[in-house]
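The values are calculated or read from the model by the stated rules, or taken from the named source; none is laboratory data. Just so it is clear, the structure is predicted and the values come from calculations on it, not from any experiment. All Cβ positions, glycine included, derive from the backbone under ideal geometry; neighbour counts span all protein chains shown.
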Amino acid sequence: MMLVYILLAAVLVKCVLLYKLYSSVPVLELKRRARMKDKRAVALYKVASYESALDVLLWILGIASAVTLFIWSARTAWWLAAVVMVLTAWLVIWAPAPKPDGWAGALASLSARYQAALLSFLNPLLSRLGSWLPPAKQAHFHTGLYEKNDLLELLSKQNKQLDNRIAESDLRIAGGAMTFGDKVVSSVMTPRRQVKLVAATESVGPLLMDELHQSGHSRFPVVKDSTKSVLPQFAGTLYLRDVVGFDGTAKVKDLARKDVYFINEDSDLRQALDAFLKTHHHLLIVVNSFEEMVGVLSIEDVFEQIIGKPIIDEFDSYENLQAVAAKEAKKDYKNHNEVPVAPKTE
């Protein structure tokens with residue numbers, strides 16, 4: 001009889017620990033680990049994938065064993081019943097949840113095959129019982145976030161988390177996408193003293209090409225009058241790619257694009273991005289409240305604030321067909337030889 005009593009206690013403890021174990025990690029996380037060929041995760045996922053059926057089975061076995069133990073103990077001695085009640089309450093309420101990476105996960109993985117087989121057999125009945133129970137997750141779940149700074153703090157904590165698998169660049173872009181709109185145009189624009197203006201009447205030739213290349217920019221505002229004018233009149237935009245390779249005789253106005261767009265220096269970058277999207281233009285002339293040019297803003301200036309780094313990489317060869325093809329072929333070969341396989345549920 002003592003052996004049966006001990007087995008009932010073991011069943012109760014196992015049911016509580018398994019329930020807490022499988023509740024401590026989302027099924028989706030187990031699935032991800034299983035795809036990474038984690039043997040323990042593969043075993044645990046076969047059981048966790050039954051979700052509601054697993055919960056019903058553990059509740060039924062746990063309650064049945066707890067009630068039987070209490071009645072048996074009460075008939076034996078009142079103090080034994082009190083001890084069973086206290087220990088059960090501690091186990092259910094206060095005992096810390098075991099982790100899949102710990103000893104409990106190792107033990108659970110050893111018997112996971114048999115648990116999965118039992119769940120597969122009882123799944124039609126357990127699923128029906130589970131549908132009769134009130135949903136456990138209908139209560140409103142509060143994220144604990146109230147404003148943008150809370151989410152930014154969460155991103156920062158995620159980046160410092162030891163088991164974090166989100167790329168730092170992705171977290172940086174997520175943060176940049178949330179904060180770039182707080183900056184104004186004047187804080188990221190290229191100031192006028194660094195802007196290369198081009199006169200519409202200037203001839204396209206080696207001298208102009210050399211000046212454009214030395215400026216380090218790829219788009220240039222075109223002015224009707226002198227580039228030294230305090231209040232220049234803009235006639236268009238000259239793109240460096242439209243000039244490169246041109247070996248004829250022409251004026252800047254013949255190769256420049258006629259459209260010009262402006263933005264106030266006090267506008268925020270969210271408004272600037274909206275202007276780029278609406279105008280389909282990549283360069284905006286920045287002016288102050290007196291309609292004076294104070295600089296230029298390119299679409300790269302905005303994107304750099306979102307991604308958190310300059311959009312220049314001398315090591316990328318996007319114009320080299322052979323280099324790009326070789327890179328993609330290497331990636332395809334790697335993917336072909338490291339295809340993650342999702343575990344099959346019983």
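General remarks:
- Members of the stretch 53-70 found to be closer than 14 Å to ALA10 by Cα, of a type in the set (A, V, I, L, M) and touching a helix residue (DSSP H, G or I) at 6+ places or on another chain (Cβ under 6 Å), listed by number: LEU58, LEU61, ALA66, LEU69
- Helices (runs of 4 or more DSSP H) fully within the stretch 222-302 counting 2 or more residues that are at pLDDT 95 or above: 269-279
- Filter result (surrounded by fewer than 19 Cβ atoms within 10 Å (Cβ to Cβ) and either outside any helix (DSSP H, G or I) or at pLDDT below 85 (or both)) within the stretch 34-51: MET36, LYS37, ASP38, GLU51
- Residue check, PHE246 touching a residue at least 40 places away in the same chain (Cβ under 8 Å) and more than 32 Å from the chain's Cα centre (by Cα): yes
- Taken as a whole, the stretch 179-186 holds at least one residue that is in a helix (DSSP H, G or I), modelled with pLDDT of 90 or more and within 21 Å of MET293 (Cα to Cα).
- Residue match in the stretch 305-327 (condition: closer than 26 Å to LEU212 by Cβ, modelled with pLDDT of 90 or more and either assigned to a helix (DSSP H, G or I) or not β-branched (Val, Ile, Thr) (or both)): yes
- Residue in the stretch 70-93 that is within 23 Å of MET2 (Cα to Cα), surrounded by 15 or more Cβ atoms within 10 Å (Cβ to Cβ) and of a type in the set (Gly, Ala, Ser) present: yes
- The residue pairs whose first member lies in the stretch 89-101 and is closer than 10 Å to LEU21 by Cα, whose second member is part of a loop (DSSP other than H, G, I, E, B), and whose beta carbons are closer than 9 Å, counting only pairs six or more residues apart or on different chains, are ALA97/SER24; PRO98/SER24; LYS99/SER24; LYS99/VAL25; PRO100/SER24; PRO100/VAL25.
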